[in-house]
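See below for the structure under consideration.
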Amino acid sequence: MTFVATGCTDPDIALSGKREPVTAILTDGGATLEAPQENQAKAFDAPAQKNNRSWPQGHGTPKTRATHPALAASISKSWSAPIGQGDRQRARISADPIVVDGMIVTLDSRSVLVATSAAGARLWSLDLTPAGEQSGEADGGGLASGGGRIYVTTGYGEMVAVDPKTGKKIWSQLLMALAAGRPAYSNGLVYVVSGGATSWAVEADNGRVRWQIDGLSDLNMRRGSTGPAVSDKLVLFGYGSGDVQAAFRKGGLVLWTATLAGARSGQAIATIGGIGASPVISRKRVYAANASGRLVAMNLDSGARLWTAPHGALTPLCVAGGSVFLINDIGQLVRVDAHNGNTIWAVDLPTDKTSLSYRNTEVIAHHGPILAGDRLIVASGDGLLRQFDPVSGEELETVKIPGGATTSPIVADGVLYVVSKNGKLHAFR
C-alpha cells in the first residue's frame with residue numbers, strides 16, 4: 001500500500017522512534033474497539049464453476065467478471081517467468097495481471113508492459129516511460145482489455161492502448177494527473193479515475209476524451225489499484241475523498257453520489273477515508289468499501305444505503321453466492337452476508353513477520369480473495385498461497401509462492417497466475 005504526498009520538494013527525513021503499521025490498534029485515550037464476532041459455518045450457495053478463457057479486467061463489471069473459475073482441487077507451481085523490475089523501496093507492482101488471447105499481460109514497477117505465453121515464454125515487451133521522463137521515476141497503474149486492445153494506466157499520468165498481437169502502442173492520452181487506478185472497458189469506452197479525483201471516459205478506438213467529471217480530492221487519500229465498475233447504463237467511480245459516484249456511461253451525467261463515512265475506532269488508518277476496494281456491481285446492488293473500516297451495499301439506481309458493515313478493505317471484494325468476501329482493514333479474511341451485512345465469519349491472517357537479517361518487522365500484505373475451484377484463495381507477501389473453505393473460513397491448504405505475492409491471484413483456463421515481489425510471474429495448475 002502506498003500513499004501520495006503532494007507539494008514536497010525537500011529531501012525525505014527519517015524520523016526516529018518506533019514504527020507502527022497504519023492498521024495498529026490504538027487504545028490510548030479511551031478508544032472503543034469493536035467486539036469480536038462469533039464465527040458461524042453457514043451454507044454457501046456457490047455458483048457453478050466455469051472454465052473461463054480470459055481474465056480481462058477487475059471484478060467490478062458483471063459482464064466480464066469470472067465469478068467462479070474452474071480450478072483443480074490441488075495445485076502446484078507449473079512455471080515461473082520474469083516480467084521485469086519487482087518491488088523497490090519507493091515503488092511496487094500495483095497492477096494485477098490480466099489474461100487476453102491466451103497470453104498473460106503484466107506491468108512491472110518501472111512501467112514495462114510484458115506479454116507472456118501460457119507456457120511461460122516472453123512474447124513481447126513495451127517500455128511505457130514517456131519521452132523525456134526517467135525510467136522508474138513513477139509507479140502505479142492498472143490493466144484492462146476489450147475491443148481487441150490492451151489498456152494501461154501508468155504513474156506518469158497516461159492511458160495507453162496497445163495491440164495485443166504486436167505489443168505496439170496504438171494511442172496515448174494524457175490524464176493531467178497521476179493515473180494509478182485500474183481502467184475498465186465497456187462497449188467502446190475506457191473509464192478510469194486519475195489523481196483520485198477526476199473520472200474519465202476515453203474512446204477506445206482513438207483515445208479521444210468523451211467526457212470527464214471533476215470530483216473532490218483529499219490530501220490523505222490512499223493511492224492504489226481501484227477501478228470503475230460498469231453496468232448496462234451506468235459507470236461507478238470510487239474517489240480518494242471516500243465518495244462513490246454513479247454516472248450515465250455514455251454521456252457522463254452524474255446520477256448520484258454517496259459518501260462512505262465512518263471508520264474503525266482506534267485505528268491509525270481511520271484518517272485515510274478514501275475508497276480502498278473498487279465498487280462491485282451485482283444484480284441491482286453496488287458493494288464498496290473505504291480503507292478505514294466501512295463496507296456498504298447500495299441500490300444501483302439510486303445510491304440508497306441498504307446496509308453498512310464494520311469492515312474496510314484495501315483489496316478487491318469478491319461477491320458470490322449471496323456473500324461478500326474480503327480482506328478487511330485489520331488483516332482478517334471475512335465473509336459478510338450480502339443481503340443484510342451481517343458478519344458470518346472472520347479469520348485472522350498473519351500481519352507481520354520479523355526479519356532475522358535486519359531485525360525489524362515486515363508487514364505482510366495479502367491480496368485477493370478470489371473464489372476458484374470451490375475455495376477462497378489469498379496470495380500473501382510472506383510467500384504462501386492460502387486456500388480457505390468459503391462455508392466456515394477454515395484454512396484448507398497452502399502452496400509456496402517464491403518471492404511472496406505482490407498482486408491478487410487470477411485464474412484463466414484452469415491455471416492460477418500471480419506476480420511475486422521479485423518480478424516473477426508464477427503459474428499454478
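Kindly identify the range 44-428 as rounded, prolate or oblate by the Cα gyration tensor criterion: order the square roots of the eigenvalues as a ≥ b ≥ c, call it rounded if a/c is under 1.5, otherwise compare a/b with b/c, prolate if a/b is larger, else oblate. Let's see the in-between values first.
Values: a/c = 1.29, a/b = 1.02, b/c = 1.25.
It is rounded, given that a/c, with a ≥ b ≥ c, falls under 1.5.
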Legend entry - Net lengthening on full extension, Ser302/Asn342 (0.36 nm per residue, minus Cα-Cα): 12.2 nm
Inset, instruction - Determine which aspartates and glutamates satisfy two conditions relative to Lys50: a Cα distance under 18 Å, and not lying fewer than 8 residues away in the same chain. - result: Asp101, Asp374, Asp413
Legend entry - C-alpha center-to-center spacing [the range 412-429, the range 270-310] in angstrom: 29 Å
Legend entry - Förster radius 30 Å - calculated FRET efficiency between Ser125 and Glu397 (Cβ-Cβ, nearest 0.05): 0.30
Legend entry - Rule-of-thumb Rg ratio for the range 120-259 [Cα; 2.2 N^0.38 Å; N residues]: 1.03
Legend entry - Spin-label proximity, Trp79 to the range 98-137 - amide N less than 12 Å from point 7 Å beyond Cα toward beta carbon: 103-104, 116-123
Inset, instruction - Treating the Cα atoms of the range 33-131 as identical point scatterers in vacuum, please give the log10 of the normalised Debye intensity I(q)/I(0) at q = 0.11, 0.25 Å⁻¹, two decimals. - result: -0.53, -1.37
Inset, instruction - Would you mind ranking Tyr185, Tyr191 by Cβ crowding within 10 Å, fewest neighbours first? - result: Tyr185, Tyr191
Legend entry - Mean-position separation - Cα centroids, the range 112-139 and the range 148-175, in angstrom: 11 Å
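Read-outs: derived from the displayed coordinates by stated rules, not from any lab. Not measured: the values here are computed from a predicted model. Ideal geometry is used to build each Cβ from the backbone, glycine not excepted, and the neighbour counts take in all protein chains shown.
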